[in-house]
Every structure is written in structure tokens, then in C-alpha cells.
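The values are calculated or read from the model by the stated rules, or taken from the named source; none is laboratory data. Everything quoted here is computed from the prediction, not taken from an experiment. Note that each Cβ is placed from the backbone with ideal geometry, even for glycine, and that neighbours are counted across all protein chains shown.
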Amino acid sequence: MTGYIVRRGIASFVVVWVVSIIVFLLIHAAPGDPVLAKLSQRIPEAQLQALREQIGIDDPLPVQYLRWLGNTLQGDLGQSLYRDQQTVASRLADTFPVTAELLALSILFSTLVGIPLGVISAARQDTVLDYVIRVVSITGLAVPAFWLGTVLIVYGGLWFGYATPDIYVPLWEDPVENLKSFWMPALILGYNLCSITMRFTRSAVLEVLRHDYIRTARAKGLRETTVVLRHVLLNAAIPVIAVLGNQVVFLLGGTVVVEFLFHLPGLGSTSMEALSTRDYNLMLGIVMFVATLTVTANLAADVAAAASDPRVRLR
């Protein structure tokens with residue numbers, strides 16, 4: 001088990017390092033000048049060049065990358081180019097709790113709803129209930145989060161008087177007001193995730209139900225509920241655990257539009273600001289933070305799968 005974790009840890013580190021190189025090159029290859037984006041008026045070229053030298057973006061790309069990588073390894077993500085008074089680390093510290101709460105609520109909804117519905121759908125295969133659950137899951141996969149969010153905002157306001165809160169209130173200050181801001185976006189993202197979880201759970205349970213030991217358990221006279229809970233769920237959990245780990249990637253991509261729609265000051269909204277202002281340091285900090293979070297989530301899912309099934313450690 002230790003050797004497996006070490007191998008996966010080394011592979012994860014290499015992935016993050018390769019991502020840092022690709023993202024650094026892509027961001028600096030994008031059109032636009034961060035100095036011009038920061039200034040509200042034109043200034044002489046000599047002053048522009050002096051500002052570029054001060055920021056350090058006039059150096060060759062390998063020099064810029066090595067300087068940025070060295071500072072990052074020391075925990076210094078640099079200053080925001082657009083907001084001089086703020087560091088990238090402070091921006092991440094302010095915005096990540098918002099995104100983390102949205103991720104947690106969405107995954108909680110996906111797990112509590114998706115897994116039971118997937119098990120029920122598999123246990124009642126080819127019944128009306130199975131068809132209804134499958135239609136609901138396919139709809140969740142087909143409908144984009146931004147379209148569903150727009151529809152709920154528009155018709156929720158027309159029919160039920162729903163309006164997105166204009167001010168974000170932290171959870172520790174007022175839990176009720178905080179949940180008013182999060183329940184709708186968490187429901188939208190959770191529905192998309194729930195559909196994926198339902199499909200994978202159903203497939204995993206159906207595969208396990210065809211094994212000989214399940215027929216033996218039924219032949220011994222065990223009730224169907226006991227067979228599913230004691231013999232099916234544990235063996236079907238391995239692919240579902242892997243899916244739950246990969247859901248972090250799906251969620252982080254969906255939070256950009258959802259946070260913008262519901263006025264949530266999370267990583268998604270901040271990344272849109274960084275792109276519009278050509279804030280290289282902030283964009284790099286967000287992308288690398290998200291990449292590290294994604295790799296860590298996948299590593300945790302792999303370790304959990306290895307702990308559940310010894311066969312995984314031999315791969």
C-alpha cells in the first residue's frame with residue numbers, strides 16, 4: 001500500500017509540474033498587455049517599458065517561468081498585477097471558501113441522491129421506476145448548467161419571486177442568509193453530478209448482481225435488501241469512488257458560469273476577472289491551485305479505491 005501511494009504521489013507531482021509549464025506558456029501567449037489593461041489612460045512608451053521591467057514581464061519566458069516556479073515552491077504566488085495592494089495568495093484565501101462550500105454542497109447532494117437512485121434503478125431493472133430514473137439522469141447529463149441556471153433564475157423570479165442575493169454573506173456570520181445564496185447553485189451543479197453518479201452506480205450494481213455469489217446469497221434465502229446492502233454495495237463502490245473523485249474536475253469547470261450567474265465571489269468569478277484584466281499572476285495562481293486540487297482529489301480517490309480493493313494496488 002505504501003509503495004502504491006508513493007508511485008501515485010510521484011506521478012501526481014509530475015502532472016502538476018507539466019501543467020504549470022503548459023499553462024504558463026498559454027497564458028503568456030494570449031493576446032493583450034497586462035500593463036495596458038491596468039492603466040486607464042495611454043502613457044509614453046518609455047514609461048510602459050519601465051512598468052514592464054518593474055513587473056518582470058519583459059524578461060525571456062524561461063527566465064520568467066523559473067523565477068515564478070522558484071517563488072511558488074517557496075509559497076509566494078506573487079502580487080496581483082491589476083490590484084497592487086493584494087497578493088495572489090490573499091485573493092485565493094478570500095475566494096476559495098466560497099467555491100469550497102459550493103463544491104461540498106453539490107457533492108453532498110450528488111452522493112445522497114445519486115447513489116440511492118442508482119441502486120434502486122439497478123435493483124428494479126426494466127421497470128417503470130427504472131425508466132423514470134434513467135430519463136431523469138439522462139436529462140441531467142444533457143442539460144448544461146448555465147442553461148438550467150438561467151431558466152431557474154428567470155422563471156423562478158416570475159413564478160415564485162426568487163431573486164439571487166446581491167451580497168454574499170459568509171457561513172459563520174449568518175448561516176441562513178448564506179444558504180439562501182447557495183441552495184440554488186448547489187442544486188444545479190448537484191443535479192448534473194447526481195446524473196453521473198446515478199449512471200455509474202447503476203452500471204456497477206448491475207455488474208455485481210450478475211456474479212455467482214449474488215445468486216448463492218439469494219439461494220440461501222436472504223432478503224433482497226440484505227443482498228444489496230451487504231453483498232452488492234461494497235463490491236460496487238470501487239468505480240463509484242473513482243467517479244466521485246473525478247467529479248471535482250467537473251464541478252470546478254461548472255462553477256465559473258454558475259458563480260457568475262448567482263453573484264458568488266468564488267474562484268470562478270475571480271478567474272473571469274483575471275482573464276479580462278490580463279492579470280497573469282492571478283490567472284497562474286488560480287489555474288495551478290485548481291490543478292493541484294484536482295490532482296489531490298484524484299489521488300485521494302485512487303488511495304480510497306486501493307484501500308477498498310487490494311487488486312488496485314497491483315496496477
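Contact map, the stretch 266-287: residues that are over 20 Å from Leu73 (Cα atoms) paired with residues that are surrounded by 22 or more Cβ atoms within 10 Å (Cβ to Cβ) and of a type in the set (Asp, Glu), Cβ distance under 8 Å, separation 6+ or inter-chain. Pairs shown: Gly266/Glu259; Leu267/Glu259; Gly268/Glu259; Ser269/Glu259; Glu273/Asp279. When Ile153 is tested against (1) without any contact (Cβ under 8 Å) to a residue 60 or more places away in the chain; (2) over 30 Å from Thr226 (Cβ atoms), exactly one condition is not met: (1). Counting the residues of the stretch 265-280 that are over 15 Å from the mean Cα position of the chain (by Cα), in a loop (DSSP other than H, G, I, E, B) and closer than 21 Å to Thr150 by Cβ gives 1.
Every residue, every condition in (1) within 18 Å of Leu261 (Cβ to Cβ); (2) in a helix (DSSP H, G or I); (3) of a type outside the set (Asp, Glu), yes or no:
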position: Glu101; (1), (2), (3): yes, yes, no
position: Leu117; (1), (2), (3): no, yes, yes
position: Gly140; (1), (2), (3): yes, yes, yes
position: Gly157; (1), (2), (3): yes, yes, yes
position: Trp172; (1), (2), (3): no, no, yes
position: Leu193; (1), (2), (3): yes, yes, yes
position: Ile214; (1), (2), (3): no, yes, yes
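Comparison of Tyr131, Tyr168 shows that the only residue that is without any contact (Cβ under 8 Å) to a residue 40 or more places away in the chain and of a type in the set (Ser, Thr, Tyr) is Tyr131. Considering only residues in the stretch 160-198 that are at pLDDT below 80 and among the aromatic types (Phe, Trp, Tyr), the one that is nearest to the chain's Cα centre (by Cα) turns out to be Tyr168.
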